[in-house]
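**Q** If you scroll down you'll find the structure; I have some questions about it.
Nothing in this text is a laboratory measurement; each read-out follows from the coordinates by a stated rule. What you see is a predicted model; the values in this text were computed from it and never measured. A quick note on method: Cβ atoms are made from the backbone with ideal geometry, for glycine too, and the neighbour counts reach across all protein chains shown.
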Amino acid sequence: MVTPVQTAFGMLGRGLSRLDHVFDRLYGSRYNPLYQSGPIAVALFVVLLVTGIYLLLFYRIGAPYESVARIDDQVWTGRWIRSLHRYASDAAVIAIAVHGVRMLVRGRSWGARALAWVSGLVLTGIFLLIGWTGFVMVWDVQGEALAREGARFLDALPIFSEPISRTFAGEQPLPGAFFFLNYFLHIALPLGIALFLYLHVSRLARPKLLPPRRLTWALVAGLTALAVLWPADLAPRADPGIIPEAIPLNWFYNFWLPITWRMPAWAVWLMGGGFTAIAFLAPLWTRPPKRHRPEASWVNERHCVGCEQCFFDCPYEAISMMPRTDGRDGLVAKVNPALCVSCGICSGSCAPMGVGPPDRRGRDQIDQVRSFLSERSPASDEIVLVVCGLGVGGRLNGEQFQGAWLYSLDCVGNLHTSVVEFMVRAGVGGVMIASCPERDCWNREGPAWTEERLFHGREAELKERVDRERVRYLNIGAADRGGLLVQLREFQDQARERAAADREEDIEIDTECEIPPHEEPDLKRGILP
Amino acid sequence: MMELIRWVAGIAVLLAVATIVGALSQFPVAAEDSEDAILRLSWRVRSQEVGECPTRGRDDLDQLPVHMRNPDACVGPLPAYDLQLRLNGELHLEQVVEGGGARGDRPLYVLEDIRLPPDTYRVEVTFERRPDPGDDEGIDMGRALSVDTEASMGSRTVTLVTRAGDTGNLELRRPR
């Protein structure tokens, strides 16, 4: 039974894939910013640190607004650096939101990934809190509104004997301690970012913390251009004696302000607590029912030769190498089920086919491809299209193509190269492997390892004896059905030409090498006529 | 040609995203629709202590941690205070203010925002100790705080009623 949440996620997922497709076409899959929302957020955090250090040099706790105004008066430096600081933080919120939604919709929030999900939520919270303190630091009308709202929320808690809100009543000028605390938090909280970022990626073998260099610089250049051409306004100074008519609001961080203004503080706590609880409990409500959860990989120790390739290839550090206990020398691979996400990438890495999730190890794949070929008997000008079920393959369910047979895998990274060899040797016209874009693999490294195994000799490599002309590998987005078909037609044409050439060659060989019956060599005695 | 279209579209999307970021970064929101003024009552008072204040002996003090060895230890609740606000002679707000904190033994405070149409008002505020039924006649009720003055309250302005200094009587002034 499909739950409403699954239906909603399915629709969102399809929408995301279409957006991915548009961005793929515009910027190419390598530079598609949607695939790298996490690394972009980290890159923007670095921009915030650099610009923030400059701004702190000029910020004065004793005269917050005046010092920011002075920074803003530095036309050649301060103004655009402050604006870059602001816009980079805004863009970081977009990147974080995109990252979170992608992970949630794609079911990458439960099981072994729960730690990343939870630490990601904490990171988001810290990021928003840093933003809150940053806006208060300026002490303009927006900063004052935020401080008042924050105080109102705190006053609803039975903690303080006097309301914090009295601080902003205007009896006394605001104490320097308030601005010092704010300033301290704005500097100290980024340390929390570093700690939780470490936790966030701690279960990844090779976390990609930054986007490709060109994309990073394009982002920085774009935001700098925006900061120069459209510097962020400095709102009027906070004045406790005036009720502002309008507040220039930063909607990325303070979108909640117009909502909470009209709510009692207890209702805000209730709503905020509810949302937070729902988000933190996502690992529970997004995980599939037990019977549908993929099983972790396991190792058949009889087949394991201790080569360590699965240990190197596992993107989640779920495999470790231990001394053997079965009387043989060397090491044996062990899978930690608590860390394994059942991506199956180890299946493709193991030459002796001794590791992988149940039914997806190399040996299982050979059995499956054998029955696949025997059922369909592809002709020599027909193609087998190997697709990723999590990517474009998920959109082609049941679809039939003229002259091509669909062979879907849970993840292309599972594909054992022996399967490709098996197909080619069985006489198919070609094997086209449609993998996800490299930076958008659900299992992180499936496309990279598959390409290396097919064409660059990575274990378990496709043997040299396999004609590479009959094997094509491509990265394609989940919604790019059109692009896939273009590539498929092209590859099919090549396969047909090859098949035709083979047929012609056969005829020529027969003609040229035809040996008259009376001149047949006596092979037993090694005598040529 | 397709490559050129791709480039142009790519830059157009980038510009659109940048414009959205720039706009949403500082898009004004109406903070307050009404033109009302605010009369803010905000002050803090250390209440009179009405409980028993026995003087502790040496033995009692020795049993206490060093930092708590105060010979004059008052026990009992603090008295409540009556707050009244009259605008142009009419009672606008009447409240009983009790000591702060979970045990009611912390200083009293007042924090009220009263929205008023912009105008000139005669503002009378009194804040005095509320007599307890068990109080003896002629008991010292302490000093009452009060103010009685005219205030011109402009549109979207805040006028503060607070104490002059930490110990003074109530006064009306602009917040700072």
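**Q** Would you work out which of A:414, A:354, A:96 lies farthest towards the positive end of the dipole of the protein assembly as shown? Charges go on Cβ: Lys and Arg +1, Asp and Glu -1.
**A** Highest projection toward the positive end goes to A:354.
**Q** While we're here: Could you work out the mean count of beta carbons from other protein chains within 10 Å of each residue's beta carbon in A:146-152?
**A** 0
**Q** Using a ≥ b ≥ c from the Cα gyration tensor of the range A:185-298 (square roots of the eigenvalues), is it rounded, prolate or oblate, where a/c under 1.5 gives rounded and otherwise the larger of a/b and b/c decides, a/b for prolate?
**A** oblate
**Q** Given points 7 Å out from each Cα along the Cα-Cβ axis, report the residue A:322 to residue B:6 separation in nanometres with one decimal.
**A** Going by the 7 Å Cα→Cβ label model, 5.0 nm.
**Q** So what's the angle, to the nearest 10 degrees on a 0 to 90 scale, between helix A:481-512 and the longest Cα principal axis of chain A?
**A** 20 degrees
**Q** Then there's this: Among B:13, A:98, A:341, rank each residue by its count of other Cβ atoms within 10 Å, from fewest to most, as a rough exposure measure.
**A** Taking fewest neighbouring Cβ atoms as first place, the list is B:13, A:98, A:341.
**Q** Over the range A:189-325, calculate the relative contact order: mean separation of alpha carbon pairs under 8 Å at least 6 apart, over the residue count, as a percent.
**A** Contact order relative to length: 36 percent.
**Q** Calculate how steeply helix A:176-200 sits against the longest principal axis of the alpha-carbon atoms of chain A, using the helix alpha-carbon long axis, and give the answer as 0 to 90 degrees to the nearest 10.
**A** With rounding to tens, the tilt is 10 degrees.
**Q** Averaged over its residues, how many other protein chain Cβ atoms are within 10 Å of peptide B:156-165's Cβ atoms?
**A** The per-residue average across the peptide is 3.
**Q** Given Cα positions, please report Rg to Rh for the range A:356-510, the hydrodynamic radius being the Kirkwood one.
**A** With Rh from the inverse mean 1/r over Cα pairs, Rg/Rh is 0.96.
**Q** Starting from 0.36 nm per residue, how many nanometres of slack lie between residue A:154 and residue A:269 once their C-alpha separation is accounted for?
**A** 40.4 nm
**Q** Return P(r) of the range A:233-275 (all Cα-Cα pairs; 5 Å bins starting at 0; whole %; ordered from short to long distances).
**A** Taking all Cα pairs of the range A:233-275, the binned fractions are 5, 17, 22, 22, 17, 11, 6, 0 percent.
**Q** Obtain the nm distance between the two label points defined at residue B:130 and residue B:67 by a simple spin-label model: each point lies 7 Å from its Cα along the Cα-to-C-beta direction.
**A** Taking the two extended label points, one gets 3.4 nm.
**Q** Let me ask something additional. Does anyone have the angle between helix A:114-138 and the longest principal axis of chain A? Alpha-carbon axes, 0 to 90°, nearest 10?
**A** 30 degrees
**Q** Over the range A:356-510, calculate the relative contact order: mean separation of alpha carbon pairs under 8 Å at least 6 apart, over the residue count, as a percent.
**A** 27 percent
**Q** Further question: Peptides A:132-144, A:7-19: what's the order by average Cβ count within 10 Å, highest mean first?
**A** Top of the packing list down: A:132-144, A:7-19.
**Q** If you take every DSSP beta bridge whose two residues both sit in chain A, what share of them, in percent to the nearest 5, is antiparallel?
**A** Here the antiparallel bridges make up roughly 40 percent for chain A.
**Q** Rounded to whole Hz and in sequence order, give me ³J(HN,Hα) for the range A:254-259 from the Karplus expression 6.51 cos²θ - 1.76 cosθ + 1.60, θ = phi - 60°, writing x for Gly and Pro.
**A** 10, 4, 7, 4, x, 7
**Q** Now, a different point. For chain A, what does the relative contact order come out to in percent, with C-alpha contacts under 8 Å and a separation of six or more?
**A** 13 percent
**Q** Using only the alpha carbons, work out the radius of gyration and Dmax of the range A:58-162 in angstrom.
**A** Spelled out, the Cα radius of gyration and Dmax of the range A:58-162 are 18.0, 52 Å.
**Q** Which order do B:176, B:56 fall in if you start with the one that has the fewest other Cβ atoms within 10 Å?
**A** If I rank by nearby Cβ atoms, fewest first, I get B:176, B:56.
**Q** Among rounded, prolate and oblate, which fits the range A:1-74 when a ≥ b ≥ c are the square roots of the eigenvalues of its C-alpha gyration tensor, a/c under 1.5 means rounded, and a/b larger than b/c means prolate?
**A** Prolate is the answer for the range A:1-74, as a/c is 1.5 or above and a/b outweighs b/c.
**Q** Would you calculate, for chain A, the mean residue ellipticity at 222 nm contributed by helices, counting each DSSP H stretch of 4 or more residues as -39,500 (n - 2.57) and dividing by all residues, to the nearest 500?
**A** For chain A, the value works out to -16500 deg cm²/dmol.
**Q** As I understand it, the dipole of the protein assembly as shown uses +1 on the Cβ of Lys and Arg and -1 on the Cβ of Asp and Glu, about the Cα centre. Which of A:23, A:278, A:398 lies farthest toward its positive end?
**A** A:398
**Q** Using a basic spin-label model with each label point 7 Å from the Cα along Cα→Cβ, how many nm lie between residue A:463 and residue A:22?
**A** 4.9 nm
**Q** Which ordering of B:120, A:417, B:126 is given by a fewest-first count of other beta-carbon atoms within 10 Å?
**A** Lowest count first: B:120, B:126, A:417.
**Q** Moving on to the next point. Computed from the mean reciprocal separation of all distinct C-alpha pairs, what Kirkwood hydrodynamic radius does the range A:258-362 have, in Å?
**A** For the range A:258-362, the Kirkwood estimate is 16.5 Å.
**Q** Over the alpha-carbon set of chain A, work out the extent along each principal axis and list the three values in angstrom, largest first.
**A** 120, 54, 45
**Q** Determine, from the Cβ-Cβ distance of residue A:106 and residue B:155 and an R0 of 51 Å, the FRET efficiency 1/(1 + (r/R0)^6), rounded to the nearest 0.05.
**A** 0.45
**Q** Applying a 10 Å radius around every beta-carbon, put A:345-354, A:44-53, A:277-286, A:423-432 in order of their mean neighbour count, most first.
**A** Descending packing order for the listed peptides: A:345-354, A:423-432, A:44-53, A:277-286.
**Q** State the percent of C-alpha pairs, over all pairs in chain B, separated by a distance greater than 25 angstrom.
**A** In whole percent, the share of Cα-Cα pairs in chain B beyond 25 Å is 57.
**Q** Less than 19 Å from a label point 7 Å out along the Cα-to-Cβ axis of residue A:281: which backbone N atoms in the range A:1-41 qualify, by residue?
**A** Flagged as within label range: A:3-9.
**Q** Hey, for a label at residue B:32 modelled as a point 7 Å past Cα toward Cβ, could you say which residues of the range A:145-182 have their backbone N under 12 Å away?
**A** Only A:145 fall inside the zone, counting backbone N under 12 Å.
**Q** While we're here: Take peptide A:170-183, look around each residue's Cβ out to 10 angstrom, count Cβ atoms belonging to other protein chains, and average those counts.
**A** Mean inter-chain Cβ contacts per residue within 10 Å come to 2.
**Q** In a solvent-free Debye calculation with one equal scatterer on each Cα, what is log10 I(q)/I(0) for the range A:351-418 at q = 0.20, 0.21, 0.28, 0.29 Å⁻¹, listed in the order of the q values?
**A** -0.88, -0.96, -1.31, -1.34
**Q** Moving to a separate point now. Compute, for chain A, the length of the dipole vector about the Cα centre, with Cβ point charges of +1 (Lys, Arg) and -1 (Asp, Glu) only. Units Debye, rounded to 20.
**A** 1880 debye
**Q** Show that you can apply the helix-only estimate: for chain B, add -39,500 (n - 2.57) for every DSSP H stretch of four or more residues, divide by all residues, and state [θ] at 222 nm to the nearest 500.
**A** -5000 deg cm²/dmol
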